[in-house]
2 protein chains.
Amino acid sequence: MTGIVERHPSPVAPVVPRGGVFTPLGLDESRLSGGFWGERQELNRSAIIPHALHWLERAGWTGNFDHAAAGAKYDHRGMEFADSEIYKIIEAISWDRARSGPDDVLDAALDQLVDRLAAAQDADGYLHTLFGRAWQRPRYSDPSWGHELYCFGHLLQSAVANARAGANPKYLQVAIALADHVCVMFGENGLRTVCGHAEIELGLVELYRLTGELRYLDQAVLFIDRRGAGTLPRIEYGSAYSQDDIPVREATVLRGHVVRALYLSAGATDVAVETGDTDLLRVLETQWANTVATRVYVTGGMGSHHNDEAFGLDYVLPPDRSYCETCAGVASIMFSWRLLLATGKSQYADLIERTLYNVLAAAPARDGQAFFYANTLHQRSMSEPAPVNADGLCLRGSSSGREAWFEASCCPTNLARTLAGLGALWATKDADGVQIHQYGSSSVDTVLADGRRISLDVETDYPNSGTIRITVRESPGAWTLALRVPSWAGGATVSVNGVAEAAEPGVASVTRPFAAGDTIVLELPMEARFVYPHHRVDAVRGCVAVQRGPVVHALESVDLPDGWSTETTVVDVSKPPLANGDGVRVHLSAADLPVRPFPYSADVADVTPSLAASAEVALTPYYDWANRGPSTMRVWIPTGAGD
Amino acid sequence: MTGIVERHPSPVAPVVPRGGVFTPLGLDESRLSGGFWGERQELNRSAIIPHALHWLERAGWTGNFDHAAAGAKYDHRGMEFADSEIYKIIEAISWDRARSGPDDVLDAALDQLVDRLAAAQDADGYLHTLFGRAWQRPRYSDPSWGHELYCFGHLLQSAVANARAGANPKYLQVAIALADHVCVMFGENGLRTVCGHAEIELGLVELYRLTGELRYLDQAVLFIDRRGAGTLPRIEYGSAYSQDDIPVREATVLRGHVVRALYLSAGATDVAVETGDTDLLRVLETQWANTVATRVYVTGGMGSHHNDEAFGLDYVLPPDRSYCETCAGVASIMFSWRLLLATGKSQYADLIERTLYNVLAAAPARDGQAFFYANTLHQRSMSEPAPVNADGLCLRGSSSGREAWFEASCCPTNLARTLAGLGALWATKDADGVQIHQYGSSSVDTVLADGRRISLDVETDYPNSGTIRITVRESPGAWTLALRVPSWAGGATVSVNGVAEAAEPGVASVTRPFAAGDTIVLELPMEARFVYPHHRVDAVRGCVAVQRGPVVHALESVDLPDGWSTETTVVDVSKPPLANGDGVRVHLSAADLPVRPFPYSADVADVTPSLAASAEVALTPYYDWANRGPSTMRVWIPTGAGD
C-alpha cells in the first residue's frame, strides 16, 4: 500500500494540473452565490443527488457491491458500467461538500457507499461487480464492452474528489490499491490493450496529481499511446467507435462514440500537460478546433447518430433525433476545461458556456427528478413517456422526453458531479491575477502564487441581462483582472469605476492597482439574433436559429397560436427578433402546403407553401423546453417558402 | 399429414389471391427476354444465387440443420433468423426454375437443401435450429427477437414456390407439418401472441391458397388481429418497432421497423383479400397512401434510422445515412403488388417501378458478388470495406459499401427470390384482357378466364429510351390492352398501328379486336427533370434531385472536375438537365466557403459560399453508383448559395 504524499497544497477542484497557463481555483475559492447556476447547484444538492441515491438503490446497482462482498453467486443488476454510477454520485457528493460544507445526511450516505464498495474489493485491488468471479466472465475478457477500466477510472476520479474534499479517508486507499492493480496488469509487461471506453486515463492522471506517484502517470501515458493500434476486437461500429482506428497523436478530428472520444482527448490533454508534451497538446487543440468547426450543434451538443452514439462526418448535423447526449456535454466541458487551463485561450470557455446553457441546463427537469439522455434539436411529435423495464428503468433508445432513470443511467450522475463542481469552471488565476470565464452571481477569494490575497464579488442576473458587476473586496495593489468577452458579444464594453471602454470578443484585461470597492462592469449586448448555418450543414439549409446571449432559443408548440404547428411555420428574417423582459419573440407565418400523394415533384409550385396568417410568437429558451406539458419543438426554423 | 388439394389450376407465381381485380400471371406466362431486368435475372441465376449458396455453407447456416439433425449439442452459427436465408434461396431457385426451366446443378442444390432441412424437423413439425433443444433456449421464449415464426413464414413461402415450380415434393410435406404445428401452438387455444417480426402471415395465406386448407388462413387472421394488443415484451425501441402499438385495423401509417411493418401490411392485405374484408383493405390502402406521402425517399427507399431500422416520423427523410434497407425495397414491392392485384390502381405499380430501379437495382454490384444492405442517398466519405468478423462476414452497422455477405444477410437472398420472380410483376390479366405494369423486353402468353389465348411481345430498351413497342402475336378478337402510364410521364402517347393518341398518367387502355401483327407503341417522355422536395422535408430543403424516366440520378465524385467535391457543389436550376445517349448532365458550380471556426454565424455572409468555376457534369444513375471505385455521392444537390 502506497503512502499518500500531498506534493503541494492542492485546490479542492476536479482538475489540478501541475503545469499550464492558468491555475484552477478550489470550490472554496470560487463560489456561485445564486442566480441561474447557483439555483441549479441547490437543486443538485436538494433533488438530483437524493434522486440518484434513491434510484441507485432501487435499481440494485449499489446492491451489486453487497452481493459481491457477501461472496455467494448473484444476479448482477444493470449494465456493465453500473458500478461507475456509484462512483460518480460519490464524486458529486464530494464536490458538493467542498462547495457548501459537510452535511450529515449526505456524508452518511457517502460513508455508507464507500464501506459497501470497499467491502467488494478483491485482495489484489481489482473491483468490479460483473467480472472475475468463478461463475462470471473472466476479468478483462471483454475489452470492447466490459467497461472494467472505465469503471476504475471513475472510481479514481471519485476518490480524488473525496480526498480533496476531506471526506472519507478509506476511499483513497481503495483507489490506490485499484490503481496499483491496473499498473501491474496493464503495465509495460502486462496486457497490451486498452479499454473500449476511455476514462481510466483521466483517473490515473488525477490520482498522480494528488499523490505524486509517477507510475499512475506512466500508466496513463501507456494507455494513450496504445490506443489506435487496433488491439480491440472488431465490432459492428468499426474501430473508430472506440478511437482505436488512429493513434491519438495522429488524429485530426474527434470521431466515433462521442463520450469515448471526448474522455480520451481530455485524458490525453492531462497526459500532455503533465509530461510537457507540447506536440501532443497541439494535436489535441487541432482535434478540438476541427470538431468544433464541423461536428458541433448550435447548442454545443455533440453526436449525430443514435445508432452508435457517435459523431457524424463533417457537417452531418441533422436536428432530427440529434443525439447530443447529456454525457457528451459533460465530456465536452471536461476536454475544453483542460485545454483552457493548459493554453489560456478563451475559445474553450466560449464552448463551455454554450454547452452549459444549451446542453447541461436542458437535461434536468425543473424539479431535478427527470433527465434528458439525448437532447434533440427537433421534436416532431408530442414526447411520450418511454417504455420502462420491469424495474421501472427507462429503455434508452425510445426516449424523447425527460425520464426518471435509465437502464444506462450515465447522464444523471454525470450531471450531478458536474453541477457540484461548477464553481471551479468560473474563474482561475495566474501569477498576474484572476481570470473570470463564466458569469453568474459568484465570488472569488484566492491567494496568488506570491501570497497576495484577492477577493471579489460578481453580481449579475446573466443570462437574463448582460450587465456583470464585479466589486473588489480585497486587493494587493496592481494585478490583472481578465474577463472573457464571449465570441457572440460584439459591441461589449468594460467600465472601471464608471469609465467605459470597448471590449472586443476574446479577453478584456484590466491591469491596475485595484482598491477595495472598485467596481468593474462588463456590459454584454443581449439583443436576440438570428444565427445562420454554414452552407455545408445540409440538414438545416434555409433555416435559422435564434440566440440571445449564450442561450439558444426554440419554437415550442405550446407558444403557437391555435391551429399552428411547429412543422408548418416559417420565420420572417427581415424582421429582427425582439428581446425584452418577457423573452424573445419572432415574426412567424403559417406555411400552408397540403400533404401531397408523393412528397417530390418536378413542379416546384406543387411543393411550395403559401404563407397564411402571420404573428409575433414567443420562443422558449431551449434549456427550458418540454417543461410545460407535451409539445413539439424546433431550434432551426425555415426562413421562407421552400427556397 | 394433410393431403394436398389443388383447388384450381394455379399460376406459377409468388402471390395467387382467390379474389381481387387482377389475376396474376405465372412465370411461364409473363417472361422477361432481356434488357435491363432480363440481364439482372441472368445475373441472379449465374452469380447471385451461386454466391448465396456458397456463403450459406461458408457461414455455417446450412450446417446448423445438419447439426440439428445429428442431435448432438452444437454451436449455432449466425443470427436468430439464419434458417430463413436457406428458405429464401430455395424460393429463389424455385422461381428461377419456373422462369427458365430445370437446371441440373440448381435442382441438385435445392434437393440437397430440402433433405438437410427436412432431417432437422422435429416430430411435431417444429423446425428451428436455435431453439428448443435441451441445451438451447425454450421454443417461443423470445417472441421479440427469436424470429421463430418469421423463419417458419419464409419456409412456407418457399415451399409454396417449390411446389408451384414443380420442384422437390418432399418440401411441401415439411411445410404442412410445420404449419399444422403453428396452428396448434398459436390457435384460439394456444399461445396468444405474435412474432416480433411479421412474415408467418404471408406464408400461411399462401399455403392456404395452394392447399385450400382454411385453418392456415384462419391462423393468419388470428395473427393479424392479435397484433397491436401489446402482447410482446417491452423493448428499447418501443412497441411500434414490431407494430404492436396499434391494431392493424386502426393504424393509419406505417411505423417502426420498416421490413416488419411492410411484411405485416402485405400479410394483412392477403388476409383482407381472402376473407373479403373490404374495411381492412381500405385501411391498408390508407396506410400505404400516408406512408408514400410522408415517409418515402425519392428513390422509393423506406427507413430513415439506422438505430432501429425504422421509419422516421412524417417528412423525416434525411439523406445522410438514409437506411433504405434493400429488404425494405423487397417488402415495399410485396405490399404494393398485393394492393395492385386487389384494387387495380396504377399508383401501386408506380411505386414498384420506382423501387425496382432505385433500390433493388442499386443493391447488387455489377458482378452479383456484393450487395448494399442500406442504400444511402448521400455518401460523404469514400466508402471503405466494412469490418468483417472471424468468418469473413460483414458487420452490418459500419457498412457504407457493397459487401459480399453480412452477419445479418437477409438482403441478398431476398433480392435473389425477387429477381427470380420478377416476371410476375410485369403483367396481369382480368376478364377483359391484359394489363402491362412494368416495361422491358418481355412476352405474355396467357389464357383469359373464358379460354381465349393472348400472346404478345414487348420490345424496348427502357429505361434508356421511352419507346415501348408491343406486337400482338395471338389474339382472340376484341379485348383490352391496358398500359400503365407512369405518374411522371406527362405527355405520353399511345399509338395503335401508327395512329397516336395522348395518354394521361394512370392507365391507357386500348380495346379492339386486335389481330396478330398489330403494333401498339407507348411513347414515354424521357427528358431528365429536376425534382423538388415537399417543403416539409426539412433535410433536403434548398436541394433538387434529378430523375430521368423512373431512374433517379446522383452526383458521384468520380464524374467531377479535378479538385471539386460533391460536398461543395451547387446546381443551376435555371438550366434544365440534359439527357442524351451519353446520359444525364447538369450545370454545376463549385461553391467556395472555407471551414469556419464555428459552423454558425449571425452574419449570413460568413456562411454563404461564393460560386467559383462552373461546368456541365454527368450524373450517374443512382442504381449504378459506387461501381467505379471509391467515391462520394449525393442524390440531393443544393441549388444555390445557402438560401
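The values are calculated or read from the model by the stated rules, or taken from the named source; none is laboratory data. Please read these numbers as outputs of a predicted model, since none were measured by experiment. No Cβ is skipped: glycine too gets one built from the backbone with ideal geometry, and neighbour counts run over all protein chains shown. Each accessible area value is taken on the protein alone, full model and side chains, heavy atoms only, with ligands, DNA and RNA left out. Shrake-Rupley method; radii C 1.70, N 1.55, O 1.52, S 1.80 Å.
Couple of notes before you dig in:
- Restricting the range B:248-267 to residues that are assigned to a helix (DSSP H, G or I) and farther than 18 Å from B:Cys151 by Cα, the residue that is least open to solvent (accessible area, probe 1.4 Å) is B:Val248.
- Restricting attention to the range A:293-303, the residues that are within 8 Å of chain B (Cβ to nearest Cβ) and not in a helix (DSSP H, G or I) total 2.
- Neighbours by Cβ (under 6 Å, 6+ apart or cross-chain): first from the range A:337-351, closer than 14 Å to A:Gln438 by Cα and within 11 Å of chain B (Cβ to nearest Cβ); second open to solvent by less than 10 Å² (accessible area, probe 1.4 Å) and hydroxyl-bearing (Ser, Thr, Tyr): A:Leu351/A:Ser336
- Positions within the range B:429-462 being touching a Pro at 6+ places or on another chain (Cβ under 9 Å), surrounded by fewer than 22 Cβ atoms within 10 Å (Cβ to Cβ) and in a loop (DSSP other than H, G, I, E, B), in sequence order: B:Leu448, B:Asp450, B:Gly451, B:Arg452
- Any hit, the range A:275-285, residues being within 14 Å of chain B (Cβ to nearest Cβ), in a helix (DSSP H, G or I), among the acidic types (Asp, Glu) and farther than 16 Å from A:Trp145 by Cα: yes
- Residue match in the range A:597-609 (condition: among the aromatic types (Phe, Trp, Tyr), in contact with a His (Cβ under 8 Å, 6 or more places away or on another chain) and in contact (Cβ under 8 Å) with a residue 60 or more places away in the chain): no
- Residue check, A:Ala404 within 12 Å of chain B (Cβ to nearest Cβ), in contact (Cβ under 8 Å) with a residue 40 or more places away in the chain and open to solvent by 10 Å² or more (accessible area, probe 1.4 Å): no
- Residue match in the range A:510-526 (condition: closer than 26 Å to A:Thr343 by Cα, open to solvent by 40 Å² or more (accessible area, probe 1.4 Å) and under 23 Å from the mean Cα position of the chain (by Cα)): no
- Where B:Arg529 falls short, out of the listed (1) more than 10 Å from every other protein chain (Cβ to nearest Cβ); (2) over 22 Å from B:Trp426 (Cα atoms); (3) within 27 Å of the chain's Cα centre (by Cα): (1)
- Checked across the range A:224-247, the condition of being at the interface with chain B (Cβ under 8 Å from one of its Cβ atoms), within 19 Å of the chain's Cα centre (by Cα) and surrounded by fewer than 24 Cβ atoms within 10 Å (Cβ to Cβ) holds for no residue.
- Scanning the range B:384-428 for residues that are in a helix (DSSP H, G or I), among the β-branched types (Val, Ile, Thr) and modelled with pLDDT under 95 yields a total of 0.
- The listed residues are B:Tyr348, B:Tyr373, and the only one of them that is open to solvent by less than 20 Å² (accessible area, probe 1.4 Å) and either at positive phi or not in a loop (DSSP other than H, G, I, E, B) (or both) turns out to be B:Tyr348.
- Considering the conditions (1) touching a residue at least 60 places away in the same chain (Cβ under 8 Å); (2) more than 16 Å from B:Tyr357 (Cα to Cα); (3) within 12 Å of chain A (Cβ to nearest Cβ), B:Val507 is excluded by exactly one of them, (3).
- Filtered by the rule that a residue be open to solvent by 40 Å² or more (accessible area, probe 1.4 Å), in contact (Cβ under 8 Å) with a residue 40 or more places away in the chain and assigned to a helix (DSSP H, G or I), the range B:30-42 gives a lone residue, B:Arg40.
- Number of positions in the range B:578-610 that are among the hydrophobic types (A, V, I, L, M, F, W, C) and open to solvent by 30 Å² or more (accessible area, probe 1.4 Å): 7
- Number of the condition not met by A:Asn290 [criteria: (1) more than 14 Å from every other protein chain (Cβ to nearest Cβ); (2) free of Cβ contacts under 8 Å to residues at least 60 places away in the same chain; (3) open to solvent by 10 Å² or more (accessible area, probe 1.4 Å)]: (1)
- Just one of the listed residues (B:Leu356, B:Leu339, B:Leu317) is under 19 Å from A:His306 (Cβ atoms) and either out of contact with any helix residue (DSSP H, G or I) (no Cβ under 9 Å at 6 or more places or on another chain) or open to solvent by less than 10 Å² (accessible area, probe 1.4 Å) (or both), and it is B:Leu317.
- Spans of strands (runs of 3 or more DSSP E) in the range A:558-632 with at least 1 residues within 13 Å of chain B (Cβ to nearest Cβ) and either among the acidic types (Asp, Glu) or farther than 20 Å from A:Ser400 by Cβ (or both): A:569-571, A:583-592, A:610-618
- Selection over the range B:34-47 of residues that are within 16 Å of the chain's Cα centre (by Cα) and of a type outside the set (Lys, Arg) gives a count of 3.
- Yes/no for B:Leu191 being surrounded by 24 or more Cβ atoms within 10 Å (Cβ to Cβ) and among the hydrophobic types (A, V, I, L, M, F, W, C): no
- 2 or more residues in the same structural domain as B:Gln157 (by TED's automatic domain parsing) and surrounded by fewer than 17 Cβ atoms within 10 Å (Cβ to Cβ): qualifying helices (runs of 4 or more DSSP H) within the range B:46-113: B:49-58, B:61-70
- Restricting attention to the range A:611-634, the residues that are closer than 15 Å to B:Arg536 by Cα and either surrounded by fewer than 17 Cβ atoms within 10 Å (Cβ to Cβ) or not assigned by TED's automatic domain parsing to the domain that holds A:Ser565 (or both) add up to 1.
- Residues being open to solvent by 20 Å² or more (accessible area, probe 1.4 Å) and either within 21 Å of A:Gly421 (Cβ to Cβ) or not assigned by TED's automatic domain parsing to the domain that holds A:Leu117 (or both) - total across the range A:169-180: 1
- Test: residue in the range A:538-561 that is modelled with pLDDT of 95 or more, exposed (fewer than 14 other Cβ atoms within 10 Å of the Cβ) and either touching a helix residue (DSSP H, G or I) at 6+ places or on another chain (Cβ under 6 Å) or farther than 23 Å from A:Glu353 by Cβ (or both): yes
- Residues of the range B:134-148 include at least one that is closer than 26 Å to B:Pro233 by Cα, polar (S, T, N, Q), surrounded by fewer than 17 Cβ atoms within 10 Å (Cβ to Cβ) and free of Cβ contacts under 8 Å to residues at least 60 places away in the same chain.
- Residue under evaluation A:Val330, criteria (1) within 14 Å of chain B (Cβ to nearest Cβ); (2) surrounded by 24 or more Cβ atoms within 10 Å (Cβ to Cβ); (3) not small (Gly, Ala, Ser), criterion not met: (1)
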